[in-house]
Amino acid sequence: MKGSWRDLLRRWAPYALTPLIILVALPAIGAGPWLTLTVAGLTMGIMLFLVASGLTLIFGLMDVLNFAHAAFVTVGAYVTVTVLRPLVGWTTQTSLMLNLLALLVALIAAAVASGALGFVFERLIIRQVYGAPLRQILITIGALTVIEQLVIVIWGPEALVLPKPASLRGSVFIGSSPIETYRLAALAVGLAVALAMHLFLRRTRLGLVVRAGVENREMVQALGYHIRRVFIGVFMAGTALAGMGGMMWGQYQETVNSQIGDSMTILVFIILIIGGLGSVGGCFIGAILVGLTTNYVGFLAPKLALGSNILLMAAILLWQPRGLFPMAEH
Amino acid sequence: MTAGEDAMLRLEGVHTDIGRYRILHGVDLIARRGRVTMLLGRNGAGKTTTLRTIMGLWRARQGQIVFDGKSLAALETPHIARLGIAYVPENMGIFGKLTVRENMLLATAPRGFAQPNLDRVLDSFPMLKVKWDSAAGSLSGGQKQMLAIARAIIEPRRLLLIDEPTKGLSPAMVGQLVGALLRLKAEQTTILLVEQNFHVAEAVGDDFAVMDEGRIIHTGAMAALIADKALQHRLLGLSMAAAV
């Protein structure tokens, strides 16, 4: 019986971690700022999840650690600027409907552009280095630099302004806690994408193949599935998600520069390691943990804010050396 | 064994390299339609490599692999599987994070489970009904082996390649597995079965081929091998004698 309690604890503890941190933060911070920081943390987490989920799937299924992933975030953010410029009439009006429509168009454009670039990138570059980890690292870091320079050539070296749509500026109050309107919208969009991804992975045959492929690629092929075709699809989806993350992050910051993707890279890799490389569920929980920790620690001990996520990762790895939800090793 | 017209699978002079090492040195093998062919031999003889080469998981460097008149040499593994060849690897190839149902579903045609096929498989492996929505990783070794074989036959297959299904199983589980293999045999399923346990081989085998150092060194009818103790000792030596 003692053993079964221990098993139960080991199984459910990773899920309990996020609510536990939220609850522990409440008395430490106080109810007013706690709600503001919690929503900010969840929003940051969901935006990071969009970027990190693609990377973890690409790694889990293909054993490819794509250091150029940040470039797709950058491309998504710049495409958003380009798409929203002619739609300025929609974003400056206070019509919530028109504002959301403009954002939806930008979101789709960012996903399509990044996904299409991802397709070309997989065919031209990644395909040459499957199964060669050292070459993958070198070529993807090189590609990151090249794509960022191409972005500068196309859009220029100056940071571009990306104002939020009119009705998503400012805050709403829940009790005495101010919550930024854009954060609520971003949280809703991010959760919708995460839910769609969850349903795809859990309810469709292709999602089943992807989950099986993360565990054992060879057996998936022996069951008659062309894993290479699945690779391409997952790579495109992963880069499209990065583009969506770039769109939402850029819109949140209201400025876009060629390093916007780089600024997320360290956090994204921390999330992958915390969640367990290849695990989408782990990636979701890892992203939320990182978002909350950044915001809570930034409020409670600003000097520790920079290192807080590194400390979080170290603590989790001491507890679970392969991350919260480790996947099968290839 | 002669190369009769009823050969479902034929290997001729198959050489396979793994990295810098040549593992198969000209394998000639026939699996006849509707029969169970036992592939016997000591560890490291090349039995698993032979099955993996047939599935295209390792490429044959030389030689011919012909399945029902069609050459497999240039085909990729998914194409080979779609010809109706199912493979149960030595490690079973179970997806531990997926449920039993999901493991089975992966092996079905795009339409999903066909009820008669599902009923037939669940009748053969009733344990799967009980564990249907459990994570496959939580099953015992014997249950995983049952799942692996059930998954292989959830759709009608023309050839089953099974690699050491009884390895590490308890005698009770081996008994259940032999029962399942005998049911497949009664249904005239063509099987190429790698096995180290001679009791299993004599219970289910129709034909046999013995491998050593990457070659087939002897073939014949299983009944002849069972009847000839001296031949058993000469061909299979200590590795099989231990299991007898």
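Do the conditions hold for residue A:5, that is, is it exposed (fewer than 10 other Cβ atoms within 10 Å of the Cβ) and assigned to a helix (DSSP H, G or I)?
Numbers: exposed (fewer than 10 other Cβ atoms within 10 Å of the Cβ): yes; assigned to a helix (DSSP H, G or I): yes.
Considered against the rule, which asks whether it is exposed (fewer than 10 other Cβ atoms within 10 Å of the Cβ) and assigned to a helix (DSSP H, G or I), residue A:5 comes out as yes.
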Of (1) more than 22 Å from residue A:121 (Cα to Cα); (2) part of a helix (DSSP H, G or I); (3) within 14 Å of chain B (Cβ to nearest Cβ); (4) touching a helix residue (DSSP H, G or I) at 6+ places or on another chain (Cβ under 6 Å), residue A:231 satisfies every one except (1)
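Residue under question is residue B:138, and the condition is that it be away from chain A (no Cβ under 14 Å) and either touching a Leu at 6+ places or on another chain (Cβ under 8 Å) or at pLDDT below 95 (or both); does it hold?
no
Which one of these is within 14 Å of chain B (Cβ to nearest Cβ), assigned to a helix (DSSP H, G or I), crowded, with 17+ Cβ neighbours inside 10 Å and at pLDDT below 90: A:210, A:214, A:220? Break it down into steps so the answer makes sense when it comes.
Numbers: A:210 fails: at pLDDT below 90; A:220 fails: at pLDDT below 90.
Just one listed residue meets the conditions, A:214.
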Taking region B:52-63 and the residues there that are surrounded by 15 or more Cβ atoms within 10 Å (Cβ to Cβ) and within 14 Å of chain A (Cβ to nearest Cβ), the one that is farthest from the chain's Cα centre (by Cα) would be B:58
So the helices (runs of 4 or more DSSP H) completely within region A:244-330 holding 2 or more residues that are within 14 Å of chain B (Cβ to nearest Cβ) are A:280-300
Here the residues within region B:123-153 that are touching a residue at least 12 places away in the same chain (Cβ under 8 Å), assigned to a helix (DSSP H, G or I) and either in contact with a Gly (Cβ under 6 Å, 6 or more places away or on another chain) or of a type in the set (A, V, I, L, M) (or both) are B:127, B:128, B:136, B:137, B:141, B:146, B:147, B:148, B:149, B:150, B:152
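Taking the stated definitions as given, is residue B:146 within 23 Å of residue B:159 (Cβ to Cβ), at pLDDT 95 or above and among the hydrophobic types (A, V, I, L, M, F, W, C)? Give the derivation first.
Details: within 23 Å of residue B:159 (Cβ to Cβ): yes; at pLDDT 95 or above: no; among the hydrophobic types (A, V, I, L, M, F, W, C): yes.
No, not satisfied.
So that you can scan it fast, the table gives a plain yes or no per residue for (1) surrounded by fewer than 16 Cβ atoms within 10 Å (Cβ to Cβ); (2) more than 9 Å from chain A (Cβ to nearest Cβ); (3) on the phi > 0 side of the Ramachandran plot; (4) under 20 Å from the mean Cα position of the chain (by Cα):
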| residue | (1), (2), (3), (4) |
| --- | --- |
| B:65 | no, yes, no, yes |
| B:82 | yes, no, no, yes |
| B:97 | no, no, no, no |
| B:124 | no, yes, no, yes |
| B:131 | no, yes, no, no |
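The values are calculated or read from the model by the stated rules, or taken from the named source; none is laboratory data. Small disclaimer: the values here were computed from a predicted structure and weren't measured. We place every Cβ from the backbone using ideal geometry, glycine too, and count neighbours over all the protein chains shown.
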